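All remarks here apply to the structure that follows.
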Amino acid sequence: MEYFNNILCISQTDLTSGDPDSGNPQEWPIITPTCFNQYIYRSPDVRIRRACKNTPALLAYDKLRRDIKDKIIAKYGDPYKITPHNRFTDSIKGDPTALEFFRNHRFGTGKALPEATRNEYYTNAILLNTIHLKLNDTKSFRKSRQGNVKNLWNKMSDIINALDVKAYPHTLPSNSRRLADKYREYMRAGYECLIHSAFCNKNTEKINDLGKMWILARWANQVDRCASEQQLLDEYNAKAAHEQWKQLKTSGPIRSYLQSPEIKPLWWGYRYGELKSKEKFGMQISTLMPSMRDSLWYSDGTKLNYYYLNADGKPETCQVYEVMDTYSEVFLGYCISSTENFEAQYHAYKMAFRTAGHKPYQITFDNQGGHKKLESADFFKKLAHLSIRTQPYNGKSKTIESAFGRFQEQYMKRDWFFTGQNMTTKKAESHANLERIDANQDSLPTLQEVEQVYKRRRDEWNHAPHPHTGIPRIEMYYASHNDKTPKVEAWDMVDIFWLTRKEPVTCRAYGITFKEAKAKYDYLVYSAPMVPDQRWLRDNIDKKFIIKYDPDDMSLIYLYEQDASGLRFVTHAETKIVVHRGKQEQEDGEAALINMMLEENKRLRLEDKERMQTILQDQKQDAESYGLKTPRLKGIESSKKGKRGKKNVFADADKEMSNLVEAFDPNELRDILGLY
């Protein structure tokens, strides 16, 4: 028997099951299947639910014929006595508000309710809600309330006590009077009254709140450190005697308090260091490595773990700055230097750029001083689409540190002058054998030899199989393709790796001259190989230029003009040709070069004078217009030539210069001087 929509029903199976040929009447069916079908056909309103797959039809018990009811009672018993609480359980409904209340409830310590206790309190709430519903909405209970109230709560207590505790894990009182009291308290105080007052009671705790705060502060004291739990126990008992706290027999309660998950993060950093605390308690983010080359480059500087003999014959170490492709773990570029400085980082990235031949999509680097200098020159903005700093003091965020650690462990420690890995490493194999190094100090390599050894070890690493794919790292790198990393062009190298002088340089008659790293450099603009462009020089005397140069190759510089819209490229200049002044030391071709430049200088002077004289004559502003004579160019125009007239003088000078240039072979002079 079961209740369906608060109607007592019996299933078709219970009515028609049984053996009609049995000698025991209790085993006979109440009604045969044929009679059942005819009965349903004649009285369709008796069927409450139609049959479907795995679900039998249900018939309302109260609508059955009297003879059928008698047979049901004879076979199964009185259905109202067998299932007195079914009507109650059908009325039990969930209460989302109660569920949310018990889930979010926190005690003064910040602790939530245990799951089993939370389910218990929630079940109590929905059962009390159902009692309230029955008391107010059920006709039979309304009638009982008008009569004997004691019988009402006795019946309600019987229903509650008859519930299956596995299905409804409640703790409502079994006594009818206490159940009524609990109901009235619930109606007055709500969900809060269902939480037991002794739950999480601190009366049983051996250490009170003040004692806990003293223990935590004493254990975290960084100056007057507490050496052991036994010392802390002794000091606590001395403090407890003065403060009238409970005495402790063992350090167990102290240990339990300090090791509790919510307390341990508070003192861990004070005893072992904040970085240790960050590593232990800080959430670690899981990330996926790039799936293509040049998607992410890491760079970092570290100690080059080799001993070498310096110029004074003493053991020394130096630094190395590496740039690595994260996808393949290929070391793309590096630079060995005494310190991690701007120059080391610059040269490492320059080598990486040449190795890759493509711009990376993202550069990730730490925040060392050299990087700040690079950033001031917008170095990273030019090098990659994104440039991102790693979090300081967070080694796990830099993949290059893990890769370099494996490089040290697998390759560098093969050499006897290996210094060992980081001082915090725990493996004995990862530390240097200082006795061996001290005994063979005189045999330590030079810095140049260390550089060769390191280069060989890098090549071994790059050609070794990648731990995840088994493919050599360098093959894995060059076999990959990234559509979003453009190819490096010549102007990219200039724009990224050529440095810009902060101070402009003024063009003088000697050309472009400046000092860099205490070295002086002289440059000229050339119209052809070995032929200075004197016309450009004359037109740009006293003009200021911004200089871009490659520190690895100072033979060529680029000149820029600065205006309101920014830098504008003008031309390039090359190292100025220097010739011997004395005839004795002059090489073949130097005299001809000097004569050519002198004659070109004269020609330009004559050309400029002729141009200016024409302008003055057109404007009637020349000396002759005032009855005077224009001075001749000293060393070029003689009084004899002046009598022949200007036209012949200039024609003869041009002819003489033309003959000189035709007789001069720049390629021949270049071979003679050996400068280009």
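The values are calculated or read from the model by the stated rules, or taken from the named source; none is laboratory data. Everything numeric here is computed off the predicted structure, so don't read it as measured data. Glycine gets a Cβ as well: all are built from the backbone with ideal geometry, and neighbour counts include every protein chain shown.
So, ASP62, is that one free of Cβ contacts under 8 Å to residues at least 12 places away in the same chain and among the acidic types (Asp, Glu) or not?
No, not satisfied.
Got a number for residues in the stretch 289-312 being over 19 Å from THR364 (Cβ atoms) and either touching a residue at least 24 places away in the same chain (Cβ under 8 Å) or not assigned by TED's automatic domain parsing to the domain that holds HIS468 (or both)?
Of the residues in the stretch 289-312, 8 are over 19 Å from THR364 (Cβ atoms) and either touching a residue at least 24 places away in the same chain (Cβ under 8 Å) or not assigned by TED's automatic domain parsing to the domain that holds HIS468 (or both).
All but one of (1) aliphatic (A, V, I, L, M); (2) more than 26 Å from PHE380 (Cβ to Cβ); (3) crowded, with 16+ Cβ neighbours inside 10 Å hold for ALA509; state the number of the condition that does not hold.
(3)
Across the stretch 513-572, what is the total count of residues that are buried (at least 17 other Cβ atoms within 10 Å of the Cβ), among the charged types (D, E, K, R) and under 28 Å from LEU598 (Cβ atoms)?
Number satisfying all stated conditions: 1.
Report, by residue number, each residue of the stretch 453-510 that is under 30 Å from VAL579 (Cα atoms) and either touching a Phe, Trp or Tyr at 6+ places or on another chain (Cβ under 9 Å) or among the aromatic types (Phe, Trp, Tyr) (or both).
Hits for the stretch 453-510 are TRP498, LEU499, THR500, ARG501, GLU503, PRO504, VAL505, THR506, CYS507, TYR510.
Taking the residues in the stretch 485-541 that are among the acidic types (Asp, Glu) and not in a helix (DSSP H, G or I) as candidates, determine which candidate is nearest to TYR327 (Cα to Cα).
Taking the candidates together, the pick is GLU489.
Give just the number: which of (1) surrounded by 13 or more Cβ atoms within 10 Å (Cβ to Cβ); (2) within 38 Å of the chain's Cα centre (by Cα) does LEU248 not satisfy?
Every listed condition holds for LEU248 apart from (2).
Test THR500 against the stated conditions and say whether it is closer than 29 Å to GLY566 by Cβ and over 42 Å from the mean Cα position of the chain (by Cα).
No: the conditions fail for THR500.
For the stretch 308-347, how many residues are out of contact with any Gly (no Cβ under 9 Å at 6 or more places or on another chain), surrounded by fewer than 17 Cβ atoms within 10 Å (Cβ to Cβ) and assigned to a loop (DSSP other than H, G, I, E, B)?
Result for the stretch 308-347: 6.
State which residue is surrounded by the fewest Cβ atoms within 10 Å (Cβ to Cβ) when the search covers only the stretch 6-44 and only residues that are over 18 Å from THR55 (Cβ atoms) and β-branched (Val, Ile, Thr).
Among residues in the stretch 6-44 that are over 18 Å from THR55 (Cβ atoms) and β-branched (Val, Ile, Thr), the one surrounded by the fewest Cβ atoms within 10 Å (Cβ to Cβ) is THR34.
Kindly list the number of the only condition in (1) within 23 Å of GLN534 (Cβ to Cβ); (2) modelled with pLDDT of 80 or more; (3) assigned to a helix (DSSP H, G or I) that fails for LYS641.
Condition (2) is where LYS641 drops out.
Suppose the filter is surrounded by 11 or more Cβ atoms within 10 Å (Cβ to Cβ) and under 23 Å from SER527 (Cβ atoms); does LEU606 pass it?
When the stated conditions are applied, LEU606 passes them.
Mind checking which residues of the stretch 495-506 are touching a residue at least 60 places away in the same chain (Cβ under 8 Å), crowded, with 16+ Cβ neighbours inside 10 Å and under 15 Å from ILE557 (Cβ atoms)?
Hits for the stretch 495-506 are PHE497, TRP498.
Name the one entry in GLY211, GLY190 that is of a type in the set (Gly, Ala, Ser), at pLDDT 90 or above, within 17 Å of THR250 (Cα to Cα) and assigned to a helix (DSSP H, G or I).
GLY211
Go through (1) in a loop (DSSP other than H, G, I, E, B); (2) in contact with a Leu (Cβ under 9 Å, 6 or more places away or on another chain); (3) of a type outside the set (Phe, Trp, Tyr); (4) crowded, with 21+ Cβ neighbours inside 10 Å and name the single condition ALA352 misses.
(1)
Wholly within the stretch 1-76, which helices (runs of 4 or more DSSP H) include no fewer than the required count, namely at least 1 residues that are small (Gly, Ala, Ser)?
66-76
Quick check on TRP491: is it in contact (Cβ under 8 Å) with a residue 24 or more places away in the chain and on the phi < 0 side of the Ramachandran plot?
Here the answer is no, as TRP491 does not meet what is asked.
Output the residues belonging to the stretch 156-171 that are surrounded by 14 or more Cβ atoms within 10 Å (Cβ to Cβ) and under 51 Å from the mean Cα position of the chain (by Cα).
Answer for the stretch 156-171, where residues must be surrounded by 14 or more Cβ atoms within 10 Å (Cβ to Cβ) and under 51 Å from the mean Cα position of the chain (by Cα): TYR168, PRO169, HIS170.
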